[in-house]
Amino acid sequence: MDLYRKVRLACAEGMSQREAARHFNISRDSVAKMMAFSVPPGYRRTAPVKRPKLDGFTGIIDGWLEGDRAVHRKQRHTAKRVFERLRDEHGFSGGYTIVKDYMRERERRGREMFVPLAHPPGHAQADFGEAVVVIGGVEQKAHFFVLDLPHSDACFMRAYPAATAEAWVDGHVHAFAFFGKVPVSVLYDNDRCLVAKILPDGTRQRATLFSGFLSHYVFHDRYGRPGKGNDKGNVEGLVGYSRRNFMVPVPRFASWDAFNAYLEEQCRRRQADVLRGQSETIGQRLARDLAAMADLPAAPFDACDQATGRVSSQALVRYKTNDYSVPVAYGHRDVWIRGYVDAVVIGCGGEVIARHPRCYDREDMVFDPVHYLPLIERKINALDQAAPLAAWDLPPEFATLRRLMEARMTKAGRREYVQVLRLLETFDIDDLHAAVKTALHLGAVGFDAVKHLVLCRVEKRPPKLDLDVYPYLPQAHVGTTSAASYMSLLSGDVA
């Protein structure tokens with residue numbers, strides 16, 4: 001810069017450019033440039049770079065790179081690999097640098113440009129993200145639903161074991177309940193849980209469950225271009241923000257409900273933030289979003305996948321590769337199935353006959369031991385080998401009751417023990433456990449005694465056992481006192 005000033009000053013005082021070049025020991029072209037520009041203009045290319053050795057091969061390179069679009073990004077051509085193939089397969093005699101420069105320039109020209117968007121109030125975007133969590137002591141992958149309101153940047157998150165269709169719908173149901181309103185529209189990608197098929201004219205054929213959900217809440221669904229996540233850039237960014245800020249370090253919770261309660265609290269706390277470029281908090285801008293949104297319907301949507309099945313000879317119904325038990329009385333009958341994110345409900349006709357926690361493993365069996373007790377009572381020799389009872393963790397008093405019953409009546413005692421277990425068809429485990437402990441304390445080891453005691457506990461009345469039913473119990477005989485004996489005491493005589 002100092003040389004620029006000196007040359008320009010000398011020429012301004014009457015020195016010619018030729019004299020200035022000689023005086024400052026620089027070229028006349030440099031002097032001319034210094035007189036044309038007050039500061040160094042930097043390097044300026046006025047004509048495209050000529051690559052005579054590469055020009056005949058650019059079509060080949062373009063073909064390879066276009067073909068890379070159809071393969072995994074980690075197996076696409078690098079500049080080094082393109083150079084090697086040109087040299088080995090096509091006799092290219094140029095250097096690696098011109099190949100690398102051409103590929104860099106080609107990539108720059110192909111980069112997409114974007115238009116800044118304005119988001120009116122009342123509209124939303126939705127997506128799923130993934131993160132590693134520890135639930136109940138087990139490390140696993142969580143799929144978390146995110147709904148974003150771009151106008152206010154308010155959000156809602158909820159985590160699930162899998163990103164199924166029912167998880168998509170359940171996430172919306174909880175999000176709408178969280179905000180207390182229904183958005184005017186929601187923008188999605190083309191997830192197969194939502195879109196069954198994209199028709200040739202670009203319209204979407206919606207999945208069955210999602211279509212019913214849209215009909216219930218009556219809002220517009222919009223979709224981005226396939227493979228273009230930037231079409232819903234707000235929620236895409238929120239997925240990353242949530243993972244970095246709410247799930248670092250790795251979240252550890254006792255249950256999914258506890259984890260989701262934590263995520264919901266983070267969403268509420270975030271509403272107090274003022275984001276870059278804004279003068280209002282998220283909560284203040286959320287008020288405009290809510291004013292533009294619709295009211296909730298009278299009842300929430302039943303977010304479940306519906307299917308039908310048939311009960312097998314082992315009292316099992318298959319749903320999503322897993323088998324769930326039903327009472328043996330419904331064997332070989334047609335049933336309906338409702339798959340919720342956390343439960344599987346099975347019914348026959350208008351009656352619910354079984355309810356199980358949802359299993360996300362594959363080819364597993366989910367038993368309720370109570371379902372098999374009527375069959376085991378008839379086939380008592382299967383008691384110790386019944387798979388549904390193998391992992392049944394009963395209180396130790398039940399084992400004591402069985403031992404005493406078998407010691408007294410052997411096989412009949414085992415059958416009576418199963419009858420005691422069948423009381424779980426009517427009563428809960430806590431009440432039956434208390435009745436068994438009381439029966440053991442009283443020495444009343446029998447089905448009738450336990451049934452009587454559990455009924456008294458449920459009905460909140462004191463137990464009164466009829467000991468005539470239990471002739472093997474020790475009995476105490478108390479003589480009846482005559483009323484005349486009391487009369488003699490009153491008169492002073494001794495009876």
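Would you say Val239 is loosely packed, with under 15 Cβ neighbours inside 10 Å, assigned by TED's automatic domain parsing to the domain that holds Gly180 and either touching a residue at least 60 places away in the same chain (Cβ under 8 Å) or among the β-branched types (Val, Ile, Thr) (or both)? Criteria not met by Val239. Determine whether His77 is under 27 Å from Val239 (Cα atoms), touching a helix residue (DSSP H, G or I) at 6+ places or on another chain (Cβ under 9 Å), outside any helix (DSSP H, G or I) and not β-branched (Val, Ile, Thr). No: the conditions fail for His77. Against the numbered list (1) surrounded by fewer than 15 Cβ atoms within 10 Å (Cβ to Cβ); (2) in contact with an Asp or Glu (Cβ under 7 Å, 6 or more places away or on another chain), His77 comes up short only at (1). A single member of Met103, Met157 is in contact with a helix residue (DSSP H, G or I) (Cβ under 9 Å, 6 or more places away or on another chain), over 22 Å from Glu236 (Cα atoms) and hydrophobic (A, V, I, L, M, F, W, C), and it is Met103. A residue that is in contact (Cβ under 8 Å) with a residue 40 or more places away in the chain and either among the acidic types (Asp, Glu) or crowded, with 23+ Cβ neighbours inside 10 Å (or both) cannot be found anywhere in segment 196-208. Pairs meeting the criteria (first residue in segment 340-354 and among the hydroxyl-bearing types (Ser, Thr, Tyr), second residue assigned to a loop (DSSP other than H, G, I, E, B), beta carbons under 7 Å, at least 6 apart or on different chains) are Tyr340/Ala303; Tyr340/Cys304; Tyr340/Arg358.
Taken residue by residue, segment 376-396 has at least one member that is among the hydrophobic types (A, V, I, L, M, F, W, C), out of contact with any Cys (no Cβ under 7 Å at 6 or more places or on another chain) and under 22 Å from Gly309 (Cβ atoms).
Taking Val454, is it of a type outside the set (Ser, Thr, Tyr), crowded, with 19+ Cβ neighbours inside 10 Å and at pLDDT 95 or above? Taking the combined requirement at face value, the residue does not satisfy it.
Residues that are of a type in the set (Asp, Glu) and surrounded by 10 or more Cβ atoms within 10 Å (Cβ to Cβ) within segment 103-115 comprise Glu105, Glu107, listed in sequence order.
Only residues that are of a type in the set (A, V, I, L, M) and crowded, with 20+ Cβ neighbours inside 10 Å were counted across segment 116-132, and they come to 2. The residues in segment 11-25 that are among the hydrophobic types (A, V, I, L, M, F, W, C) and loosely packed, with under 11 Cβ neighbours inside 10 Å can be counted, and the count is 1. I'd like the full set of residues that are small (Gly, Ala, Ser) and part of a helix (DSSP H, G or I), limited to segment 80-113. Once the filter is applied, which keeps residues that are small (Gly, Ala, Ser) and part of a helix (DSSP H, G or I), segment 80-113 yields only Gly110. The residues of segment 359-387 that are part of a loop (DSSP other than H, G, I, E, B), free of Cβ contacts under 8 Å to residues at least 60 places away in the same chain and on the phi < 0 side of the Ramachandran plot, listed by number, are Cys359, Asp361, Arg362, Asp364, Phe367, Asp368, Lys379, Leu383, Asp384, Gln385, Ala386.
For segment 26-48, the set of residues classified as surrounded by 10 or more Cβ atoms within 10 Å (Cβ to Cβ) and touching a Phe, Trp or Tyr at 6+ places or on another chain (Cβ under 9 Å) consists of Ser30, Val31, Met34, Phe37, Ser38, Pro40, listed by residue number. May I ask you to verify whether Gly171 is assigned to a helix (DSSP H, G or I) and closer than 25 Å to Cys267 by Cα? Considered against the rule, which asks whether it is assigned to a helix (DSSP H, G or I) and closer than 25 Å to Cys267 by Cα, Gly171 comes out as yes.
All of (1) modelled with pLDDT of 95 or more; (2) under 30 Å from Ala303 (Cα atoms) hold for Phe398 with one exception: (2). Summed over segment 302-316, residues that are under 16 Å from Ala207 (Cα atoms) and either among the charged types (D, E, K, R) or buried (at least 18 other Cβ atoms within 10 Å of the Cβ) (or both) total 4.
Report whether or not Ile376 is closer than 13 Å to Tyr324 by Cβ and crowded, with 17+ Cβ neighbours inside 10 Å. Judged against the criteria, Ile376 is not a match. Scanning segment 167-183 for residues that are in contact with a helix residue (DSSP H, G or I) (Cβ under 9 Å, 6 or more places away or on another chain), surrounded by fewer than 22 Cβ atoms within 10 Å (Cβ to Cβ) and not aromatic (Phe, Trp, Tyr) yields Val173, His174, Gly180, Lys181, Val182. Beta carbons closer than 6 Å, at least 6 apart along the sequence or on distinct chains, pair a first residue in segment 419-434 that is farther than 16 Å from Val445 by Cα with a second that is surrounded by fewer than 16 Cβ atoms within 10 Å (Cβ to Cβ) for Asp431/Val458.
Tyr160 meets all of the listed conditions (1) under 28 Å from Ala291 (Cβ atoms); (2) buried (at least 19 other Cβ atoms within 10 Å of the Cβ) but one, namely (1). For segment 114-127, does any single residue satisfy the condition of being more than 22 Å from Asp305 (Cα to Cα), among the β-branched types (Val, Ile, Thr) and not in a strand (DSSP E or B)? There is at least one residue in segment 114-127 that is more than 22 Å from Asp305 (Cα to Cα), among the β-branched types (Val, Ile, Thr) and not in a strand (DSSP E or B).
Might you let me know whether segment 172-182 holds any residue that is modelled with pLDDT under 95, of a type outside the set (Ser, Thr, Tyr) and within 28 Å of Arg358 (Cα to Cα)?
No; the residues of segment 172-182 include none that is modelled with pLDDT under 95, of a type outside the set (Ser, Thr, Tyr) and within 28 Å of Arg358 (Cα to Cα).
The values are calculated or read from the model by the stated rules, or taken from the named source; none is laboratory data. Predicted, not measured: the structure shown is a model, and the values here were computed from it. So basically every Cβ, Gly included, is an ideal-geometry build from the backbone, and we count neighbours across all protein chains shown.
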